Amino acid sequence: MLYFDGLFGLVMLGLWLYCIIDVITTDASRCRNLPKLGWLLIVLVLPDIGSIAWLVAGHPWQHSAGTDRGNTSRYPEYDRPGRHVPTNPDDDEAFLRGLRERAEQQRREYQAKQQREQQAEQERQRLEQQRWERREPDGG
């Protein structure tokens, strides 16, 4: 009888651990009858009864008709609804227009910066020339 009690305890521990992990990994939108946090608390606080209750009343056994799409992809995470499907950037006129506008803006900013630096250099040279011109009469 002791052997049976120990085996039963191990089975219940395994069920409890399975249910905790299952509740945590199940998507919140697929939980039935209670929110995900509610199910997690029930399974944690009432290990035996909570685990059985989760399997009977909370675990999503069937896929809903909207989410089951045949799972033909090698990577099912790419099949989730609402996922943006990448396209060729050369075919996206708005993307290319944005790139051109950003490139033109950067070009204008670079040219303005170059022009300011050139003006600053010319001003520095002019001031240095004026200083030298002032010094020549004093030194001569």
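For the range 90-109, the criterion of being small (Gly, Ala, Ser), exposed (fewer than 10 other Cβ atoms within 10 Å of the Cβ), at pLDDT below 90 and assigned to a helix (DSSP H, G or I) is met by at least one residue.
This table checks each residue for (1) loosely packed, with under 13 Cβ neighbours inside 10 Å; (2) part of a helix (DSSP H, G or I); (3) under 27 Å from the mean Cα position of the chain (by Cα).
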{"site": "Gly6", "(1), (2), (3)": "yes, yes, no"}
{"site": "Gly14", "(1), (2), (3)": "yes, yes, no"}
{"site": "Asp22", "(1), (2), (3)": "no, yes, yes"}
{"site": "Leu40", "(1), (2), (3)": "no, yes, yes"}
{"site": "Leu44", "(1), (2), (3)": "no, yes, no"}
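Taking the stated definitions as given, is Glu123 exposed (fewer than 10 other Cβ atoms within 10 Å of the Cβ), at pLDDT 75 or above and over 36 Å from the mean Cα position of the chain (by Cα)? For Glu123, the condition - exposed (fewer than 10 other Cβ atoms within 10 Å of the Cβ), at pLDDT 75 or above and over 36 Å from the mean Cα position of the chain (by Cα) - is not met.
Hey, can you tell me all the residues within the range 13-33 that are at pLDDT 90 or above and among the hydrophobic types (A, V, I, L, M, F, W, C)? Hits for the range 13-33 are Leu13, Leu15, Trp16, Leu17, Cys19, Ile20, Ile21, Val23, Ile24.
The values are calculated or read from the model by the stated rules, or taken from the named source; none is laboratory data. Keep in mind that what you see is a predicted model, and the values were worked out from it rather than measured. Cβ coordinates were reconstructed from backbone atoms using ideal geometry, including for glycine residues, and neighbour counts include every protein chain displayed.
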